[in-house]
1. Out of all the residues in the stretch 1-11, which are in contact with a strand residue (DSSP E or B) (Cβ under 8 Å, 6 or more places away or on another chain) and either surrounded by fewer than 20 Cβ atoms within 10 Å (Cβ to Cβ) or not in a strand (DSSP E or B) (or both)?
2. Mind listing just one residue for me: the one in the stretch 104-133 that is in contact with a helix residue (DSSP H, G or I) (Cβ under 9 Å, 6 or more places away or on another chain) and of a type in the set (Lys, Arg) and, of those, most open to solvent (accessible area, probe 1.4 Å)?
3. Considering only residues that are open to solvent by less than 40 Å² (accessible area, probe 1.4 Å) and on the phi > 0 side of the Ramachandran plot, which ones fall in the stretch 12-55?
4. Answer yes or no: is there a residue in the stretch 186-193 that is open to solvent by less than 80 Å² (accessible area, probe 1.4 Å), assigned to a helix (DSSP H, G or I) and of a type in the set (Lys, Arg).
5. If a residue must be out of contact with any helix residue (DSSP H, G or I) (no Cβ under 8 Å at 6 or more places or on another chain) and not in a loop (DSSP other than H, G, I, E, B), how many such residues does the stretch 12-35 contain?
6. Looking only at the stretch 43-90, which residues are under 23 Å from Ser153 (Cα atoms) and of a type in the set (Ser, Thr, Tyr)?
7. Pairs, please: C-beta under 6 Å, at least 6 apart or cross-chain, first residue modelled with pLDDT of 90 or more and in the stretch 79-107, second open to solvent by 40 Å² or more (accessible area, probe 1.4 Å) and assigned to a helix (DSSP H, G or I)?
8. Looking only at residues that are assigned to a loop (DSSP other than H, G, I, E, B) and open to solvent by 90 Å² or more (accessible area, probe 1.4 Å) in the stretch 134-173, which one is nearest to Arg94 (Cα to Cα)?
Amino acid sequence: MLIVFIGPPGAGKGTQSKRLLQYLNIPHLSTGEMLRHAKRERSAVGQMVAECIDAGRLVPDSLVIGLVSEKLEEPAYSHGCLLDGFPRTVAQARAFDEFLGKSGRQLDVAIELAADEEILVQRMLKRAKVEGRDDDTPETIHERMRVFRSETSPVLQYYRQRGVLASIDALGSPDEVFGRIQAVVDARQQSSCSRGATG
């Protein structure tokens, strides 16, 4: 299965993605890790990535798409993967769809972990106090939420219009939330098996 995983800060994306990876036995493709790896490499692409990151700029869509496409062509990713931190823009989502179309693949589902922002903010402030995270102040948390909203809302809308978005309630125990994710994933797997059988 090919899955895009989207969730705001504090929604439990890290916890749930680990469980989902185990459940489906597919690899994890984190664009953050990929960009850091590219930065360490001395290739031309790596140097361009390093310049952007060091200057505090977003890495251009074309570079990100190139890195993701290259990775997905590796044999390890031929049976799907969980994409984390990608796509971040509608341009990336469109280019990703084009790449998948050319390679005869398609996205099975984009999973959104959704929750009331104020509840997530309170959850993170409580966690910051318990874990002694000095950098998780109300100001920084609200800013992270604002960036997530402005970056991600158009991408969610794009996938909603394409009929591949599944919005999951992120509130509840980790087991309850994973149960909801599991139900969505199982249903998508069944429908893609049916498509394969009739196609």
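1. Once the filter is applied, which keeps residues that are in contact with a strand residue (DSSP E or B) (Cβ under 8 Å, 6 or more places away or on another chain) and either surrounded by fewer than 20 Cβ atoms within 10 Å (Cβ to Cβ) or not in a strand (DSSP E or B) (or both), the stretch 1-11 yields Met1, Gly7, Pro8, Ala11.
2. Filtering the stretch 104-133 for residues that are in contact with a helix residue (DSSP H, G or I) (Cβ under 9 Å, 6 or more places away or on another chain) and of a type in the set (Lys, Arg), the one most open to solvent (accessible area, probe 1.4 Å) comes out as Arg133.
3. The answer is Gly12, and nothing else.
4. yes
5. 9
6. Matches in the stretch 43-90: Ser62, Thr89.
7. Listed pairs, sorted by first residue: Val90/Pro154; Ala91/Asp61; Gln92/Asp61.
8. Per the stated criteria, the residue is Asp135.
The values are calculated or read from the model by the stated rules, or taken from the named source; none is laboratory data. Predicted model only: the values in this text are computed from it and were never measured. Using ideal geometry, Cβ is built from the backbone for each residue, glycine included, and neighbour counts are taken over all protein chains shown. The accessibility values were calculated without ligands, DNA or RNA, using every heavy atom of the protein model including side chains. Shrake-Rupley method; radii C 1.70, N 1.55, O 1.52, S 1.80 Å.
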